[in-house]
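A.B. asks: For reference, the structure I am asking about is given below.
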Amino acid sequence: MQSIINFEHQFTELNAFQFGETKVKEEKEGKTHLLEQLQTTLDLEKLLSIFAKEASKYADFSGLYFKKDDISASTPGSSRGKAERQFELRANNEFIGLLTYTLKKPISLSHFHNLKALHKLLVYPIRNALEYKKAMSLAMQDGLTNLGNRRYFDEQLKRAMHHANRHNHHVGLIIGDLNKFKAINDTHGHLVGDECLIHLAKKIKLCLRRSTDIGCRYGGEEFCLILPETDEAGAKALAEELRILICTEAVKHQGMTIDLTVSCGITTYKHQAECTTDSLFDAADKGLYLAKENGRNQVQVYDLNELLYPREQEE
């Protein structure tokens, strides 16, 4: 009987040892798989989604958020709550960003250490994604004004129209330029011309109060503003605000005072099936043409439907 007891005791110890080995092996394989998955993308949201699946083994959370300066991302469906736990992500003492969990219940001490170990796997993929985002941002930015460039404008207009189609919202588009800009360059030189463009860009940024609003330098003295979820009245109000800001504050350069004015054309889009980014741009551009023809320093609205359905408008 004694030998049976000893045998059972030894068997139990062996199982516990094997179970421990299996658990360690599974955790190691899980980390290896996670690291492989994290290396498949440079998109911050995708990185967080991949990471969240593994992190959910150690924490019960309803949201996962990352923030670094003005860059932020979260897992789809994340929701804020009363209980949050924040972790600083660092690589060789370099601050990478802040990771925040919205917790449904507290994290145990053992799971806390497991999460910290997982964070070490996330740090470098996150840093790579931030560097990529920074590089792409520079590629999409106008070097003089720090507004978006034409390539960025084209991409963001497509995205805004797609978003409007999905949610049945308006998109406002403003196209404008500095009046008589060639004369400024010819009279005062290109350095002064650049100062005028920088001045214009600063005023555009003042008018764009929402993070979803986009300002771009389309080329030369021409600029474009994309206003998601904005109807004609909202777009016109913003364009008028910009026009007044420009004409009431002159540019001063080495003792010279240069008065500026802008002309703006406006159109709005809301799920017109025949509309493309080109036709939307053309409609706003026609508004700009009207503003210039009617004396400059004004805002003109052009109805997109007049461009898309000219015969119906005539009838």
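The values are calculated or read from the model by the stated rules, or taken from the named source; none is laboratory data. What you see is a predicted model; the values in this text were computed from it and never measured. As a convention, Cβ positions derive from the backbone with ideal geometry for all residues, glycine included, and neighbour counts pool all protein chains shown. SASA here: full protein model, heavy atoms, side chains in, ligands and nucleic acids out. Shrake-Rupley method; radii C 1.70, N 1.55, O 1.52, S 1.80 Å.
A.B. asks: Can you tell me how many residues in the stretch 50-66 are open to solvent by 20 Å² or more (accessible area, probe 1.4 Å) and either closer than 25 Å to ALA135 by Cα or in a loop (DSSP other than H, G, I, E, B) (or both)?
C.D. replies: Here the count works out to 6.
A.B. asks: Follow-up question, since we're still on this one. For the stretch 224-236, name all the residues that are on the phi < 0 side of the Ramachandran plot and either open to solvent by less than 30 Å² (accessible area, probe 1.4 Å) or touching a residue at least 12 places away in the same chain (Cβ under 8 Å) (or both).
C.D. replies: First, pick out the residues of the stretch 224-236 that are on the phi < 0 side of the Ramachandran plot: 224-228, 230-236.
If the condition is that a residue be on the phi < 0 side of the Ramachandran plot and either open to solvent by less than 30 Å² (accessible area, probe 1.4 Å) or touching a residue at least 12 places away in the same chain (Cβ under 8 Å) (or both), then CYS224, LEU225, ILE226, LEU227, PRO228, THR230, ASP231, GLU232, GLY234, ALA235, LYS236 are the ones that fit.
A.B. asks: So, one more: State which residue pairs qualify: first residue at negative phi and inside the stretch 272-293, second residue open to solvent by 90 Å² or more (accessible area, probe 1.4 Å) in any location, beta carbons under 6 Å apart, and separation of 6 or more residues or different chains.
C.D. replies: Close Cβ pairs (under 6 Å, with a partner that is open to solvent by 90 Å² or more (accessible area, probe 1.4 Å)) amount to THR277/LYS158.
A.B. asks: Restricting to the stretch 161-196, what's the tally of residues that are open to solvent by less than 10 Å² (accessible area, probe 1.4 Å) and in a helix (DSSP H, G or I)?
C.D. replies: Matching residues across the stretch 161-196 total 4.
A.B. asks: Based on this model, can you work out whether ARG90 counts as open to solvent by 80 Å² or more (accessible area, probe 1.4 Å), more than 20 Å from ALA129 (Cβ to Cβ) and not in a loop (DSSP other than H, G, I, E, B)?
C.D. replies: Numbers: open to solvent by 80 Å² or more (accessible area, probe 1.4 Å): yes; more than 20 Å from ALA129 (Cβ to Cβ): no; not in a loop (DSSP other than H, G, I, E, B): yes.
So ARG90 does not fit the description; no.
A.B. asks: Now a separate question. Restricting to the stretch 101-152, count the residues that are closer than 30 Å to ILE198 by Cβ and part of a helix (DSSP H, G or I).
C.D. replies: Final tally of qualifying residues: 13.
Residue-by-condition table, conditions (1) of a type in the set (Lys, Arg); (2) within 19 Å of the chain's Cα centre (by Cα); (3) on the phi < 0 side of the Ramachandran plot:
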residue: ASN114; (1), (2), (3): no, no, yes
residue: LYS133; (1), (2), (3): yes, yes, yes
residue: MET140; (1), (2), (3): no, yes, yes
residue: GLN156; (1), (2), (3): no, yes, yes
residue: ASN168; (1), (2), (3): no, no, no
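A.B. asks: If you don't mind, another one. Would you confirm whether or not the stretch 67-79 contains a residue that is open to solvent by 10 Å² or more (accessible area, probe 1.4 Å), at pLDDT 95 or above, out of contact with any Phe, Trp or Tyr (no Cβ under 9 Å at 6 or more places or on another chain) and at negative phi?
C.D. replies: Taking every residue of the stretch 67-79 in turn, at least one turns out to be open to solvent by 10 Å² or more (accessible area, probe 1.4 Å), at pLDDT 95 or above, out of contact with any Phe, Trp or Tyr (no Cβ under 9 Å at 6 or more places or on another chain) and at negative phi.
A.B. asks: Yes or no: the stretch 205-213 includes at least one residue that is open to solvent by less than 30 Å² (accessible area, probe 1.4 Å) and of a type in the set (Asp, Glu).
C.D. replies: yes
A.B. asks: Next question. Taking the stated definitions as given, is THR257 modelled with pLDDT of 95 or more and of a type in the set (S, T, N, Q)?
C.D. replies: Values: modelled with pLDDT of 95 or more: no; of a type in the set (S, T, N, Q): yes.
Against the criterion (modelled with pLDDT of 95 or more and of a type in the set (S, T, N, Q)), THR257 does not qualify.
A.B. asks: Further question on the same structure: Checking the conditions here, which among GLU249, GLU221 is touching a Leu at 6+ places or on another chain (Cβ under 7 Å) and open to solvent by 20 Å² or more (accessible area, probe 1.4 Å)?
C.D. replies: After applying the criteria, what remains is GLU221.
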